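Notes for the one structure printed next.
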Amino acid sequence: MANSVHLEQLRQGAIAWNRWRTEKNETQPDLTEANLWAVNLSGAMLAKVLLSKANLTQTNLTAADLHQTELDCAILVGARLAEADLSQAHLMGASLIGADLTNADLSHANLIGADLTAACLRRVDLSQADLSRANLSQAILIASNLAEANLSYAILYRAELTDAHLYKGNLRHTRLLETQAKGAFLVRTDLQAAILQRADFSWANFTDSNLQHADLQAANLRGANLRRANLSYANLTGANLRGADLSYAYLANAIFDGANLEDTLLEEA
């Protein structure tokens, strides 16, 4: 349960709270299970605060400092977190359905099993974040940074990943059905056994990526760069590979039934 003194201090608003935190900089505030529904905490200094299982539904946390904050199993449905610093924050099992995280910093954050359905993550920094088994269905991740992030077993059904940066990401067994990812950067990304059925990865860069056993049925890979990619045992039935570059790709036992290979480069493949 939340410390009543700490909770009352926070309810006085971000300005008073920040002043108190500056004065009491050695105190770790305990707001566990606190009900902060729709409270305005814009710009609040909440770094390292205990907020596990707190109710932050529709709370305004714009530009708040949540660095290393404990938010495991917290409810942040519809919360406003644009420009917030959530680097190294603990959000395991947290609910962020429909939350606005535009331009937020979530680098190195723990989001294992978190629900980010329909969340806005445009231009978010998720580099080296752990999103394994997270639900990102219909989330907007346009131009987001997911370099070296762990997305294994995550669900990204109909997510928007246009121009996203996924360099060396772990997407093993990730579900990317009908995902929109035009121009995404996936160099050296591990997509082994990932499901990309009917996904749009046109003009994406998969150079040196691992797509072994991946399901790419009816995927749009027009103009994609797949140089030196491992596509062994991949299922590309009905995929659009028009103008794609598969030079030096490893294609052992890959299935291309009904695939469009017009103008596809297959040098040394």
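The values are calculated or read from the model by the stated rules, or taken from the named source; none is laboratory data. Keep in mind that what you see is a predicted model, and the values were worked out from it rather than measured. Note that each Cβ is placed from the backbone with ideal geometry, even for glycine, and that neighbours are counted across all protein chains shown.
All conditions in (1) of a type outside the set (Lys, Arg); (2) surrounded by fewer than 20 Cβ atoms within 10 Å (Cβ to Cβ); (3) over 26 Å from residue 171 (Cα atoms); (4) touching a strand residue (DSSP E or B) at 6+ places or on another chain (Cβ under 7 Å) hold for residue 9, with the sole exception of (4). Within segment 113-145, the set of residues being farther than 13 Å from residue 97 by Cα and either assigned by the TED database to the domain that holds residue 97 or charged (D, E, K, R) (or both) comprises 122, 123, 125, 130, 133. Contact annotation: residue pairs with Cβ atoms under 7 Å, 6 or more positions apart or on different chains, pairing a residue in segment 249-261 that is of a type in the set (S, T, N, Q) with a partner that is assigned to a loop (DSSP other than H, G, I, E, B), are 253/232; 253/233; 260/241; 260/242. The residues on offer are 87, 4, and the sole one that is under 26 Å from residue 127 (Cβ atoms), free of Cβ contacts under 8 Å to residues at least 40 places away in the same chain and either surrounded by fewer than 23 Cβ atoms within 10 Å (Cβ to Cβ) or touching a Pro at 6+ places or on another chain (Cβ under 8 Å) (or both) is 87. With respect to (1) surrounded by fewer than 21 Cβ atoms within 10 Å (Cβ to Cβ); (2) within 30 Å of residue 235 (Cβ to Cβ), the lone exception for residue 156 is condition (1).
Here the condition is being out of contact with any Leu (no Cβ under 7 Å at 6 or more places or on another chain), within 22 Å of residue 220 (Cα to Cα) and part of a loop (DSSP other than H, G, I, E, B); of 158, 123, it holds for 158 alone.
Listed by first and then second residue, the pairs with beta-carbon distance under 7 Å, at least 6 apart or on different chains, first residue in segment 157-175 and over 20 Å from residue 125 (Cβ atoms), second of a type in the set (A, V, I, L, M, F, W, C) and in a loop (DSSP other than H, G, I, E, B), are 157/177; 172/193; 172/194; 173/193; 173/194; 175/156.
Applying the set (1) surrounded by fewer than 24 Cβ atoms within 10 Å (Cβ to Cβ); (2) modelled with pLDDT of 95 or more to residue 241 leaves exactly one unmet item: (1). Taken together, the criteria place residue 37 among residues that are in the same structural domain as residue 71 (by the TED database) and either farther than 21 Å from residue 68 by Cβ or in a strand (DSSP E or B) (or both).
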